[in-house]
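The values are calculated or read from the model by the stated rules, or taken from the named source; none is laboratory data. Since this is a predicted model, take the numbers as computed values, not measurements. Here the Cβ positions follow ideal geometry from the backbone for every residue, glycine too, while neighbour counts run over all protein chains shown.
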Amino acid sequence: MDLDRNLVDQEKNNANLDKVWNRLPEDQKSNRLIIHLVYNIYMNRIDRALDIATYLVRTDENYKFPIPDRIHIAEYLKMATNLISKKIIDGYVYLDNIDDFRARILIDKLRTEIDKNREYYREIFKDWLPKVSIRSGYPPCIENIIRRISSKENIGHYERLVLGMYMINIGKSIEEIIELYRPLPNFNEKKTRYHLEHIKDKNYKMYSCEKIRQLGLCVADCKISNPLRWKAL
Amino acid sequence: MEGLIERNFIKKIFAHAYKKLNIDVPDIKYREFGIGDFGKKIAKRHLWFPDINSLRDYLIANPPIYISYSAAYYQKPYQSMSNKLYMKSDLIMDIDQDLEQLDYIKQEVVELYDILKFEFGMKNITINYSGNRGFHIHIRDEWAQMLSREARAEILDYLTLRNVKLDNFNIRIVNGKKQGIGFGDVKNKMQARILKELRYVTGKEKVLLGDWEDVDEQNFALAIERARFKLNIDSNVTLDTTKLLRMENSIHGDTGFIAKILNIDQIEKFDPWADATVFNDIDIRIKMVDNYKEYRRDEVYRVVGHIGVFLLLQNKAKLII
């Protein structure tokens, strides 16, 4: 999918706005929103992508998005429940206009396309991530995970894994690393130690920046290819 | 069945019957087989047959008392469970119910078939009598075989109306009146069943036109209860894709009936005593050890083969040579 580079450039400062659709000029609004949608799918920020997509399909009066009005029941069952409220005929589930489900189909279609050509989207959005101004401490993705843990957020599996992987790869001791996880609401010292030792024993390599982006954990443009290459100044 | 004479006799006539039964298992080389002996439905698992002829030869040479095979396809069906390499699995509805008591069960099976065929668009549906109680439905459309456990659960939820609430029905107030779905705008067959029962429980025709004035939480719950399929579909069998199921057209060792494949239009008149028998070309002499229907204990009878086999397998009679 070709994005209008000029619009991409205009929108880069809106990259991290909440409810971005309320802040955009009416001129080419849906084209602008598609850019934000693609960006959030590319960065794997699925909640944000879903909000934008839902807005788009609900206001899509000109049927810009070729979302079918029906999908095969096997596809439907992969993503949604509540068959009882749907029209079902001969293997197809018919979708309502106000169906959040259409937003998911839109995201799914875009994701397939984005994943085929991540290099291209990386180039397009290279200026969208915040520039790194202070090069200190750990790389921004790791700092962000540590910040989220210390604010007692119950972060997901990949966040935990990436943090442990990074710390082990830069040579921190298991004891030091365990302390980083301590504020987690479901902190369990034994389990944490077990997982960290597993990472160490199996000699897990640190994920690349590309993989970190795919996991939705990249937060800044550091101009490096692997978080291990981060050099604090 | 304890007696050695009876056991040998049963084995011999099972082997004979397997010469003429029409045995076929789709994609046999991907299936795990299990066979059972007297009193034990599955005695050996992880069996494998490369093609249908090797299975037919086996059935004649070593007639099993029960035989079943996996709904699942495996790359290595003969390996232990953890090494089989699951590929996909037929979608199964195991309807476990006493046929004699319930004529409407057959009616319900026909309605279920209509949903599978016309709503879900399934084309490769096989229905067979289980050989004892109930029916099995095997669905082998490729997309259905690929369904996840969650998707299979969702299909069951739809058919059994699990968790359906009044809130799902988008009731609007139009000119101060409660407006729900009417027959003009039902979206699927389960909604149609609900609407029909709402009419019954409220006693009002107007419900059918979408006037839900008299529908409340209580009678809605009652209508749901009546509208769900009154079939005892064993959800374990649908959801656990590693289950083994009675092979179609095989002989069931509890009854001597065959697990006969049925066309949908044969279901309503189906009677195992007339339609699922295989030993009706021989006579057997038996002595009753218990009363069963018109047969009295300690009496000796000459009966047609399928009745004799049934009485032997049910431990109601002994064989007289």
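Here is how the numbers come out for the structure above:
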read-out: B:Gly210 vs. criteria within 14 Å of another protein chain (Cβ to nearest Cβ) and among the small types (Gly, Ala, Ser); value: no
read-out: Test: residue in the stretch A:77-96 that is part of a helix (DSSP H, G or I), of a type outside the set (Asp, Glu) and more than 14 Å from chain B (Cβ to nearest Cβ); value: no
read-out: Residues satisfying the stated conditions in the stretch B:16-52, i.e. over 25 Å from the mean Cα position of the chain (by Cα) and surrounded by 14 or more Cβ atoms within 10 Å (Cβ to Cβ); value: B:His16
read-out: Candidate set: the stretch A:144-162, residues that are more than 17 Å from the chain's Cα centre (by Cα) and part of a helix (DSSP H, G or I); chosen: the one farthest from A:Asn226 (Cα to Cα); value: A:Ser150
read-out: Positions within the stretch B:132-144 being within 15 Å of B:Ile92 (Cβ to Cβ), assigned to a loop (DSSP other than H, G, I, E, B) and more than 9 Å from every other protein chain (Cβ to nearest Cβ), in sequence order; value: B:Gly134, B:Arg140
read-out: Answer residue from the stretch B:29-56, given it is of a type in the set (Lys, Arg) and part of a helix (DSSP H, G or I) and is nearest to B:Ser80 (Cα to Cα) among those; value: B:Lys29
read-out: Test for A:Ile41: is it crowded, with 19+ Cβ neighbours inside 10 Å and without any contact (Cβ under 8 Å) to a residue 60 or more places away in the chain; value: no
read-out: Residues being within 8 Å of chain A (Cβ to nearest Cβ) and either assigned to a strand (DSSP E or B) or at negative phi (or both) - total across the stretch B:119-131; value: 3
read-out: Sole residue being within 8 Å of another protein chain (Cβ to nearest Cβ), under 21 Å from A:Tyr94 (Cβ atoms) and surrounded by 16 or more Cβ atoms within 10 Å (Cβ to Cβ), chosen from B:Leu116, B:Leu159, B:Leu147; value: B:Leu147
read-out: Among residues of the stretch B:1-56, those that are polar (S, T, N, Q) and at positive phi, counted; value: 0
read-out: Residue selected from the stretch A:212-233 under the condition loosely packed, with under 15 Cβ neighbours inside 10 Å and not β-branched (Val, Ile, Thr), by the criterion farthest from A:Ile41 (Cα to Cα); value: A:Leu233
read-out: Of residues in the stretch A:130-153 being at pLDDT below 90 and under 26 Å from A:His198 (Cα atoms), the one surrounded by the most Cβ atoms within 10 Å (Cβ to Cβ); value: A:Glu153
read-out: Some residue of the stretch A:92-103 being at positive phi and either of a type outside the set (Val, Ile, Thr) or modelled with pLDDT of 85 or more (or both); value: no
read-out: Residue that is nearest to the other protein chains (Cβ to nearest Cβ), among those in the stretch B:166-190 that are of a type outside the set (A, V, I, L, M) and in contact with an Asp or Glu (Cβ under 9 Å, 6 or more places away or on another chain); value: B:Asn188
read-out: Cross-chain or 6+ apart pairs with Cβ under 6 Å, the stretch B:295-321 first and surrounded by fewer than 16 Cβ atoms within 10 Å (Cβ to Cβ), then polar (S, T, N, Q); value: B:Arg297/B:Asn291; B:Val304/B:Asn280
read-out: Lone qualifier among A:Arg122, A:Arg104, A:Arg118 - being among the basic types (Lys, Arg), more than 21 Å from A:Leu163 (Cα to Cα) and surrounded by 17 or more Cβ atoms within 10 Å (Cβ to Cβ); value: A:Arg104
read-out: Filter pass, B:Gln97 being more than 14 Å from every other protein chain (Cβ to nearest Cβ), polar (S, T, N, Q), more than 20 Å from B:Val25 (Cβ to Cβ) and not in a loop (DSSP other than H, G, I, E, B); value: no
read-out: Only listed residue being farther than 21 Å from B:Ala43 by Cβ and surrounded by 14 or more Cβ atoms within 10 Å (Cβ to Cβ), chosen from B:Asp275, B:Asp240, B:Asp254, B:Asp271; value: B:Asp275
read-out: Residue satisfying condition, being acidic (Asp, Glu) and in contact with a Gly (Cβ under 9 Å, 6 or more places away or on another chain), within set A:Glu143, A:Glu113; value: A:Glu143
read-out: Top-ranked residue in the stretch A:36-52 [being part of a helix (DSSP H, G or I) and over 14 Å from A:Glu113 (Cα atoms); ranked as nearest to the chain's Cα centre (by Cα)]; value: A:Ile46
